[in-house]
1. How shielded is B:55-63 by partner chains, expressed as the average number of their Cβ atoms within 10 Å of its Cβ atoms?
2. Please report the orientation-averaged projected area of chain B, defined via the convex hull of its C-alpha atoms, in nm².
3. Quick one: work out Rg over Rh on the C-alpha atoms of region A:105-192, Rh as Kirkwood radius.
4. Restricting things to alpha carbons, find the Rg to Rh ratio for region A:3-85 using the Kirkwood radius for Rh.
5. Counting only other chains, and only Cβ atoms inside 10 Å, what mean value do you get across the residues of A:102-111?
6. Run a plain Debye calculation on the protein assembly as shown (Cα atoms as equal point scatterers, no solvent) and give log10 I(q)/I(0) at q = 0.08, 0.14, 0.16 Å⁻¹, rounded to two decimals, same order as the q list.
7. Taking every residue in B:39-52, how many Cβ atoms of other protein chains lie within 10 Å of its Cβ, on average?
8. Listed highest first by mean packing, meaning other Cβ atoms within 10 Å per residue, what order do B:57-66, A:182-191, A:166-175 come in?
């Protein structure tokens, strides 16, 4: 074998090894990627489609990933961009809802609806898992994306800013609004329940 | 002057996010130590975050894992 052919062979073998390692590491993160997808879209089926599209694109463009950087953030950047590309958010300027309710609003509402003072545990019991899922779905998408990345995906503000390609200050203000919006939606659902 | 409980309410999110300055954190904790009204609401907020997190904690369907693995580039 000539020297050139031998070095080409080594290069190809090295690249195949890198690709396999990349794919294995990406697949190990699939549960976490799915969890974020589940928070971003409205149904389990949509989340499954989105995760499949994300992995198909990630495996095609694996060379653009820089080894040693945050693979989970890289995958979620693909996922959030695909979610935007799907046209899910036409006319999606975050609705600048008033923030007149403070952060104690939901607790106060839940306690008031009981008609008597409650222990904290009893207030928590008035929330149902289904209401939380529904309420999350009702949060405007631009706010929800940030909330899902930070509160469900455990990303730092900095990572969320990079994934969504927005300034860190925007991450913080959207997160603030998202949490308030979630509580407002939860109050509507939980307080009406007899 | 702002009411101590109102001030504590404003510190709730940054407190749980651990982004308060040392001085603000101590202010919040001093108030929480003596105010059950606020400390209940802080505990509730921490619980709510856990509930939100677990609302998306359902495991990925096993067949999806297989579908993702099938997307890998075949080895020659």
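1. 6
2. Value for chain B: 8.7 nm².
3. My calculation of the ratio gives 1.06.
4. Result for region A:3-85 is an Rg/Rh of 1.11.
5. Whole-number average of other-chain Cβ neighbours for A:102-111 is 5.
6. Debye intensities relative to I(0), on a log10 scale: -0.41, -1.01, -1.22.
7. If you average over the peptide's residues, the count of other-chain Cβ atoms is 6.
8. Ranking, from highest mean packing down: A:182-191, A:166-175, B:57-66.
All of the numbers you see were taken from the coordinates with simple rules; none came from a lab. Treat the numbers as computed from the prediction; the structure is a model and nothing was measured. Positions of Cβ are backbone-derived with ideal geometry, glycine not excepted, and every protein chain shown enters the neighbour counts.
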